[in-house]
Amino acid sequence: MTIPVHMEIQANSYTVRGPALSQALPIPTTANRKLEIPAGLSTADLAFGVFAAFRAHPHVCNVLTHISRSNWNHVESVLNAILDPATTSDGLSPLPHNILDLMCAERGVTGRTLKPYFHAVLHRLLGPTAAERTIDHVETLRAGIERKAEYPTDTSRTAATGDKA
């Protein structure tokens with residue numbers, strides 16, 4: 001036997017009781033509540049939204065706590081840099097490299113968990129079009145890091161042989 005469940009708000013308001021707070025406050029419904037984030041979402045707000053989602057996920061939170069040495073302020077600033085469209089892969093420190101690897105690669109338990117979770121968070125915060133642009137940017141950053149790792153510029157070799165890089 002299947003019983004259908006319908007989530008409905010039964011009351012239109014509730015009363016806050018207390019000496020100074022005896023006023024009725026409306027309960028938000030889907031009719032009077034905006035479900036979309038405004039189009040002008042700043043990079044800092046987006047980074048904070050992703051940061052909060054990562055902190056809320058138990059496994060992701062543990063892994064990021066470990067790789068950041070418990071410095072969550074640094075994780076938030078790294079997310080801000082990663083999600084900034086003006087950021088390039090030049091000059092990123094090892095922590096952004098590790099976070100980008102977790103966001104883009106599906107290696108290990110954390111990569112297989114974090115990548116789809118990150119994509120879902122972006123789609124929820126930005127909508128499909130802006131989320132796909134942001135995902136492309138993040139994957140481009142990671143590709144740049146991998147390219148540099150694969151083809152490093154060895155200045156000592158070029159200086160000794162006189163070759164131009």
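Bear in mind these aren't lab numbers, they're just calculated from the coordinates by the rules spelled out. Here the structure is a predicted model, which means the values were calculated and not measured. All Cβ positions, even for glycine, are placed from backbone atoms using ideal geometry, and neighbour counts span all protein chains on display.
Is it true that some residue in segment 97-107 is free of Cβ contacts under 8 Å to residues at least 12 places away in the same chain, among the small types (Gly, Ala, Ser) and under 25 Å from Pro152 (Cβ atoms)? No, that holds for no residue.
Determine if segment 70-81 includes at least one residue that is over 18 Å from Leu46 (Cα atoms) and among the charged types (D, E, K, R). Write out each step before concluding.
Within segment 70-81, the first condition is being over 18 Å from Leu46 (Cα atoms), and the residues that meet it are 70-71.
Checking which are among the charged types (D, E, K, R) leaves us with none.
Checking segment 70-81: not a single residue is over 18 Å from Leu46 (Cα atoms) and among the charged types (D, E, K, R).
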